[in-house]
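Novice: Sharing a structure, written as structure tokens. Questions coming.
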Amino acid sequence: MPPVFRFAPSPNGYLHLGHALSALLNAEAARASGGRMLLRIEDIDETRCRPEYEAAIYEDLAWLGVTWEQPVRRQSEHLDDYRAAIDRLDAMGLIYPAFESRTEIARLVAEREAISGQAWPRDPDGGIRYPEFSKSLPEPERRRLIEAGAPYARRLDMTAALVRSGPLQWDEAGKMVAADPAAWGDVILARKDTPNSYHLSVVIDDAQQGVTDIVRGRDLFHSTSVHRLLQTLLGLPAPRYHHHRLILDADGRKLSKSTAATGLRELRGQGLTPSDIRRMAGLD
């Protein structure tokens, strides 16, 4: 079977140089290997994703010379698949409701840091690792809160999940890398206002689309630990991974969709060509 690659942007802004690099690397890897190139639209964030951004993705990629198979998969059309996966994990006893808001978590952690004089653990992205406040709530209290309409997130019990999965690793460009999902703590898999998280949807999508090779930015390297855990728990295949370099701004930060100077539409409007974009992305 030929390898299967994919480019999976979110339509919450216009594509920039970093997206161009990732899309072109995937397209060229598919072409060189005689593989397939897929496009996926990750549009589950209803508050930020917009139709005009999705239309712009197709336009910008076509201008770059990137081609993909039809039909395009849109995450918003597969919410039942994600719910089914969460239900499976719940049936394994690996999911629990957590009722604290981000603000409440930050306040409670700040109080603990003030008392202990030590910094609270952070996840690989620098965010506060969830302190597991709700994990010890008795089941009747959880039911009472849910029936009362209290908002909650559905978190993965990382300790229990790792007992079930055992040690994990992944293939990073031909080299095996040890996974460390515990560094993320009890990650959120769904919220009341968002049916599933990126971590969950991406592994379901990749499995259902038969993706064999995932080429994406280095900023998602550590997330692969969580993805390998979910793949193992759900009995999904493990793709090969390659996390490519990032294009940084003048301050050394990852490009943002709000950075107009590096937006493909803006650059095209200035008269630049696809060859210019390749050069700017460091592909020539």
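The values are calculated or read from the model by the stated rules, or taken from the named source; none is laboratory data. No experiment lies behind these values; they were computed from the predicted model shown. Glycine also receives a Cβ, built like all others from the backbone with ideal geometry; neighbour counts cover every protein chain displayed.
Novice: Against the definition (in contact with a strand residue (DSSP E or B) (Cβ under 8 Å, 6 or more places away or on another chain) and over 16 Å from ASP186 (Cα atoms)), how does TRP63 come out, yes or no?
Specialist: Numbers: in contact with a strand residue (DSSP E or B) (Cβ under 8 Å, 6 or more places away or on another chain): no; over 16 Å from ASP186 (Cα atoms): yes.
When the stated conditions are applied, TRP63 does not pass them.
Novice: Suppose the filter is among the charged types (D, E, K, R), outside any loop (DSSP other than H, G, I, E, B), in contact with an Asp or Glu (Cβ under 8 Å, 6 or more places away or on another chain) and in the same structural domain as LEU272 (by TED's automatic domain parsing); does ARG40 pass it?
Specialist: When the stated conditions are applied, ARG40 passes them.
Novice: Give ARG216, ARG228 a once-over and let me know the one that is basic (Lys, Arg), touching a helix residue (DSSP H, G or I) at 6+ places or on another chain (Cβ under 7 Å) and outside the structural domain of PRO131 (by TED's automatic domain parsing). Spell out how you get there, then give the answer.
Specialist: Working: ARG228 fails: touching a helix residue (DSSP H, G or I) at 6+ places or on another chain (Cβ under 7 Å).
After applying the criteria, what remains is ARG216.
Novice: Scan LEU272, LEU248, LEU264, LEU200 and give me the residue that is under 27 Å from ALA27 (Cβ atoms), touching a strand residue (DSSP E or B) at 6+ places or on another chain (Cβ under 8 Å), without any contact (Cβ under 8 Å) to a residue 40 or more places away in the chain and not polar (S, T, N, Q). Let's see the steps before the verdict.
Specialist: On the way: LEU272 fails: touching a strand residue (DSSP E or B) at 6+ places or on another chain (Cβ under 8 Å); LEU264 fails: without any contact (Cβ under 8 Å) to a residue 40 or more places away in the chain; LEU200 fails: without any contact (Cβ under 8 Å) to a residue 40 or more places away in the chain.
Going through LEU272, LEU248, LEU264, LEU200 in turn, just one is under 27 Å from ALA27 (Cβ atoms), touching a strand residue (DSSP E or B) at 6+ places or on another chain (Cβ under 8 Å), without any contact (Cβ under 8 Å) to a residue 40 or more places away in the chain and not polar (S, T, N, Q): LEU248.
Novice: Given the criteria among the hydrophobic types (A, V, I, L, M, F, W, C), at pLDDT 95 or above, within 20 Å of LEU168 (Cα to Cα) and in a helix (DSSP H, G or I), does LEU230 qualify?
Specialist: Values: among the hydrophobic types (A, V, I, L, M, F, W, C): yes; at pLDDT 95 or above: yes; within 20 Å of LEU168 (Cα to Cα): yes; in a helix (DSSP H, G or I): yes.
So LEU230 passes the test.
Novice: Given the criterion surrounded by fewer than 16 Cβ atoms within 10 Å (Cβ to Cβ), at pLDDT 95 or above and not in a helix (DSSP H, G or I), identify the matching residue among ALA114, ALA119.
Specialist: Exactly one residue qualifies, and that residue is ALA119.
Novice: Could you check the stretch 146-212 for strands (runs of 3 or more DSSP E) lying wholly inside it with 2 or more residues that are more than 17 Å from the chain's Cα centre (by Cα), surrounded by fewer than 19 Cβ atoms within 10 Å (Cβ to Cβ) and modelled with pLDDT of 95 or more? Spell out the reasoning first.
Specialist: Details: elements: 153-156, 169-172, 175-178, 188-191.
The strands (runs of 3 or more DSSP E) meeting that bar are 169-172, 175-178.
Novice: Kindly provide the set of residues from the stretch 74-112 that are under 13 Å from ASP157 (Cα atoms) and among the hydrophobic types (A, V, I, L, M, F, W, C), ordered by number.
Specialist: ILE86, LEU89, ALA91, MET92, LEU94, ILE95, ALA98
Novice: Could you please give the count of residues in the stretch 34-84 that are among the β-branched types (Val, Ile, Thr), under 16 Å from SER201 (Cα atoms) and crowded, with 19+ Cβ neighbours inside 10 Å?
Specialist: Number of matching residues: 2.
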